[in-house]
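Nothing in this text is a laboratory measurement; each read-out follows from the coordinates by a stated rule. Note that the structure is predicted; figures quoted are calculated from it, not measured. Note that we place each Cβ from the backbone using ideal geometry, even for glycine, and neighbour counts take in every protein chain shown.
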Amino acid sequence: MFSGLKDKVGEVLLPGDEFSLETEDTISLTERVKPEKVVCGPGLRRSGDRLLVCKSGVLRHKQPNMFWMDSQQRRYVPAKGETVIGIVTVKSGDVFKVDFGGSEQASLSYLAFEGATKRNRPNVQVGDLVFSQFVVANRDMEPELVCVDSSGRANGMGVFGAGGLLFTVSLGLARRLLSPHSEVLSDLQTLFPCELVVGMNGRLWVRSSSVQQTLVITNLLQSCDTMTAPQRQELFRRAAQGAL
Amino acid sequence: MMEVCGSSNVTLREFGSEQSLLSRPDGSASFIQGNTSVLAAAYGPAEVKVSKEIYDRATLEVLIQPKVGLPGVRERAQEQCVRETCEASLLLSLHPRSSLTLILQLIHDDGSLLSCFLNAACVALMDAGLPMSRLFCGVTCAIDADGQIITDPTAAQEKESRALMTFAIDATERRVMMSSTRGSFSVHELQQCIAVSQKASEKIFQFYRDSVRRRYSKTL
């Protein structure tokens, strides 16, 4: 059924491109027939018996039947379960408002921190950075963030950000940095040891041994977007020789 | 019934585009057709003013900035044409209660301006990664005193023409999404112009595909 879709994996598609999802006409009577399912990620939409591409980008595939469009964007649209770097903008009663770069601000309950109780409030000030996860993110409701995982542990989330630098990159680069065995990250780590926080919303936070080195890393990461792998390695090597 | 125009190859002026050239907007593009040049910037989905909020879809705002001075009636009319075309192709219901803003800055006008606005708008929206159900392009046709159809006319050709038509064509079925006409023409001439525009649109859609492919060539 989705052989047409599989042929196009790795190709650049445009909005309006369609795939037919019609089932085959002949059905085997002897074998058990399992209905085939396709899981569509961002950029793909079902309309009737067709699959419609609604974002330009590269079609990606994950075994056995996941498909999505990998596109370069700057504006973040929240999705449930994604981790982002937010900035606390308002402290009002029992919720904080957090700016994460989307279309509206997310709410973050003061109880959604590790070890927080009604008596023991977390120490969060306006302007603090929080690394947090979406528990509610859909188009009809206000997005909601938490800084604990399902077992109540912080698991790396919470307030952070002393002595580092926050900057933004494209969402595509943030995803590339977060992917397992990321080439960009391994190239960077061998030359510049640093502490790096990557949010899915394209915000990056870096801290390293000196301010100078932090700025070098910032500039390198921001320029990564428009470079091929050999160009990037060459640039990193030159920066490592010149700056240190 | 559409008729195919007598001249088989439709001529457009040289056209080109650059994407993501501005750092602040979420998506940006410049589109150049001959000497006509337009810069487009798309923002969104972003926060919306309460007065403009629509509860089940995004609010699309199109602003056209002339080269000098403030936008007038002419720009407002063009804004409406572009906005209605964009609204038809964007999937606005996916981002309710948010705003999409498209700013089109005129850089130089040498004829076929509305079609250049449409093309720049489409490339900028695509660059911003907004969900679209189809792509579109704009084609301008002029009918001169002898009844000859000129596609993508210059300002001088527009001035001498008897009738001027701009069509927005959609990419999947090559249908007319929007038309804006001026002057007098017969039904037959209108149909001929639509057929010519549909043929010309194929070149522009092929160009869209090539330019997006080039943009993603580094991440393939």
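What about A:V95, is it β-branched (V, I, T), crowded, with 16+ Cβ neighbours inside 10 Å and closer than 24 Å to A:M200 by Cβ? Yes: the conditions hold for A:V95. Cβ separations smaller than 6 Å between residues 6+ apart or across chains give the following pairs from the range B:46-69 residues that are without any contact (Cβ under 8 Å) to a residue 60 or more places away in the chain to residues that are loosely packed, with under 14 Cβ neighbours inside 10 Å and outside any strand (DSSP E or B): B:R57/B:S93; B:T59/B:K52.
Results for (1) part of a strand (DSSP E or B); (2) within 12 Å of chain A (Cβ to nearest Cβ); (3) surrounded by fewer than 16 Cβ atoms within 10 Å (Cβ to Cβ), shown as yes or no for each residue.
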site: B:V139; (1), (2), (3): yes, no, no
site: B:A142; (1), (2), (3): yes, no, no
site: B:I150; (1), (2), (3): yes, no, no
site: B:A156; (1), (2), (3): no, no, yes
site: B:M165; (1), (2), (3): yes, no, no
site: B:R182; (1), (2), (3): yes, no, yes
site: B:K199; (1), (2), (3): no, no, no
site: B:S211; (1), (2), (3): no, yes, no
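Of the numbered criteria (1) away from every other protein chain (no Cβ under 14 Å); (2) exposed (fewer than 15 other Cβ atoms within 10 Å of the Cβ); (3) part of a loop (DSSP other than H, G, I, E, B), the one A:V9 fails is (1).
Filter the range B:120-131 down to the residues that are surrounded by 24 or more Cβ atoms within 10 Å (Cβ to Cβ) and within 14 Å of chain A (Cβ to nearest Cβ) and list them by number.
Within the range B:120-131, B:A121, B:C122, B:V123, B:A124, B:L125, B:M126, B:D127, B:A128, B:G129, B:L130 meet the criteria.
Which residues, taken from the range B:53-82, are crowded, with 19+ Cβ neighbours inside 10 Å, more than 15 Å from B:A40 (Cα to Cα) and not β-branched (V, I, T)? Within the range B:53-82, B:A58, B:C81 qualify.
Within the range B:167-193, being under 22 Å from B:S133 (Cα atoms) and in contact (Cβ under 8 Å) with a residue 60 or more places away in the chain holds for B:A168, B:D170, B:M177, B:M178.
Filtering the range A:171-200 to residues that are surrounded by 14 or more Cβ atoms within 10 Å (Cβ to Cβ), part of a helix (DSSP H, G or I) and among the small types (G, A, S) leaves A:G172, A:A174.
Being in a loop (DSSP other than H, G, I, E, B), touching a residue at least 24 places away in the same chain (Cβ under 8 Å) and small (G, A, S) is a property that B:G111 has. Evaluating A:G156 against the criteria (1) part of a loop (DSSP other than H, G, I, E, B); (2) on the phi < 0 side of the Ramachandran plot leaves one unmet condition, (2).
Keeping to the range B:30-60, report how many residues are within 14 Å of chain A (Cβ to nearest Cβ) and in a strand (DSSP E or B).
Summing the residues that are within 14 Å of chain A (Cβ to nearest Cβ) and in a strand (DSSP E or B) in the range B:30-60 gives 8.
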